Amino acid sequence: MNGGSALVKGPLKGYHHETYVIWPPGGPGPVKFREPRSAGLWFDRRCFLSEEDLLRGLKGRIDQVPEVVDIGGMDLQTFVEGRTLGAYGRWSRRVPDPLFEQIVRLFRQMVPITADTLHVERRCSPLDAPEDGDTAGFLGRLVVFAEEQVYAANQAEFGGLFRAVGIDEESFTRLKKKVHGFSERPFCLLHADLHRENFVVDPRGRLWTIDWELAMVGDPLYDLATHLYLMRLPADQEARMVREWCAAVEAIRPGSSRGWEHDLPLITDFKRAQSLLTDTVRLALSLRDESGFRWPALPWAAGKLERVLGAAAAPLGLVDVPGRSQIMAALVRWHRDLPDNRSRRSGRAGQ
C-alpha cells in the first residue's frame, strides 16, 4: 500500500488501537491504518457502527474533522498533521484564546445534530437509547454499562484489586441514586472524549477534532462535563467555558443547558468514579510486559491511582481510602495472584 517501510510511522499512542500512519503512492497524503486492540480493554460504550461512516455524516456540518478516503478498497481516515493540544501547551493547562474559541464553536456545531438528522447506522441497543430529553435515563444507562461491562466483566482478573481500592456492588447503588432529579435537556450529538490528545492544531492554527469512535447521541451536558474533567482547565477558563457553552447551546436549542448548576457536578462525580474503574485496570496492566512485572514503574502507577482514588472517594462514598503504600501492595498482590504466576510458584515449590 505504501511502497516501503520508510513511509510508515508508528505505532502511535492509544488505548483502543494500534495505529500507523502511511503515505500511499499517488494517494491524498498520509492516512491512518488502525488495528483494534483487545476488546476486553474497551471501557466505553460504542454507539455508532462505524467511525468512518460517522465522519462522512459530519462532513460539512463540523469544521475540521478527518476526511475518509478509499485506499485499496478500505476506508481510511486522513492523518491530520500538526501537534496535539497536549503537546501544543505542554507546560501550561491554559488553552490559548483562538483555540478555546474553536472548542466552543465545536460544541455549537454539535447541538443541532440529532438522531433524526444524522443518518448513520448505530449499534447501541434500544435500552441504551432513552427517549429524547431523558437525561436521567441516559446517565443511568452509562452507570449500568460501567457496572456490567467494566466491573462485573473483569471480576475474574481484577476483583481483588477492585476491592482493594474500595469498589464493590454498593458503589454502583450509590451512583444510581445520584441520577435522580436531573433536568430534561434535548439530546444531540456528543463526541464524549474531548481531551487534549483528541485535538490537533495544524500549522495554520486550525483545531481539528479526531477520534470520534466514542461518539453518541445524548445529554449535551455530559459532553461538557467530560470535556472539563479531562481537560483540567485553570479555574477561570473552566468558568468561562461553562458560560460560553451555555450561551452557545441555548442560542441553537433552548433548554440545552437547563439545570446545569445541579446536574454538572453529579455527572462529574460519575466521571471520577468511572476513571477509578478504568485506571485501576489500565495501570495494573501497564506494570506488566513480556519480561514480567515492571518494578521501577510501580511507584508512579500507585501514585496516579492514589490521585484518581482520592477524586472518586466522595462520589463512591468511600470512608477508608488506602494510601500509596497500600495501593502498591495491592498491585504487587494482584500480579503475584495471576494464574501464570501462581503456576510458576507451584512449579518451583514442587521441585
Number of the condition not met by residue 276 [criteria: (1) open to solvent by 60 Å² or more (accessible area, probe 1.4 Å); (2) closer than 15 Å to residue 161 by Cβ]: (1)
Just to be sure, is residue 143 aliphatic (A, V, I, L, M), in a helix (DSSP H, G or I), open to solvent by less than 50 Å² (accessible area, probe 1.4 Å) and farther than 26 Å from residue 58 by Cβ? yes
Inter-residue pairs, beta-carbon under 7 Å, first in contact (Cβ under 8 Å) with a residue 24 or more places away in the chain and in region 313-339, second open to solvent by 80 Å² or more (accessible area, probe 1.4 Å) and not polar (S, T, N, Q), 6+ apart: 316/174; 317/174
Among the residues of region 154-192, the number that are touching a strand residue (DSSP E or B) at 6+ places or on another chain (Cβ under 6 Å) and of a type in the set (Asp, Glu) is 0
Which ones in region 87-107 are buried (at least 16 other Cβ atoms within 10 Å of the Cβ) and among the small types (Gly, Ala, Ser)? 89
The lone exception for residue 110 - which of (1) buried (at least 18 other Cβ atoms within 10 Å of the Cβ); (2) at positive phi it fails: (2)
Please state which one of 260, 245 is over 30 Å from residue 338 (Cα atoms), in contact with a Ser or Thr (Cβ under 9 Å, 6 or more places away or on another chain) and open to solvent by 50 Å² or more (accessible area, probe 1.4 Å). 260
Residue hits (region 226-239; open to solvent by 50 Å² or more (accessible area, probe 1.4 Å) and either in contact with a Gly (Cβ under 8 Å, 6 or more places away or on another chain) or in a helix (DSSP H, G or I) (or both)) are 230, 235, 236, 238
In region 310-329, what residues are in contact with a helix residue (DSSP H, G or I) (Cβ under 6 Å, 6 or more places away or on another chain), outside any loop (DSSP other than H, G, I, E, B) and under 17 Å from residue 275 (Cβ atoms)? 311, 312, 315, 316, 327
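Conditions tested, residue by residue: (1) modelled with pLDDT under 95; (2) farther than 24 Å from residue 234 by Cα; (3) more than 21 Å from the chain's Cα centre (by Cα).
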| position | (1), (2), (3) |
| --- | --- |
| 75 | yes, yes, yes |
| 86 | yes, no, no |
| 89 | yes, no, no |
| 95 | no, no, no |
| 98 | no, no, yes |
| 103 | no, no, no |
| 112 | no, yes, yes |
| 124 | yes, yes, no |
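The values are calculated or read from the model by the stated rules, or taken from the named source; none is laboratory data. Keep in mind that what you see is a predicted model, and the values were worked out from it rather than measured. With ideal geometry, Cβ positions are generated from the backbone for all residues, glycine too; neighbour counts draw on all protein chains shown. The area values use the complete protein model at the heavy-atom level, side chains included, leaving out ligands, DNA and RNA. Shrake-Rupley method; radii C 1.70, N 1.55, O 1.52, S 1.80 Å.
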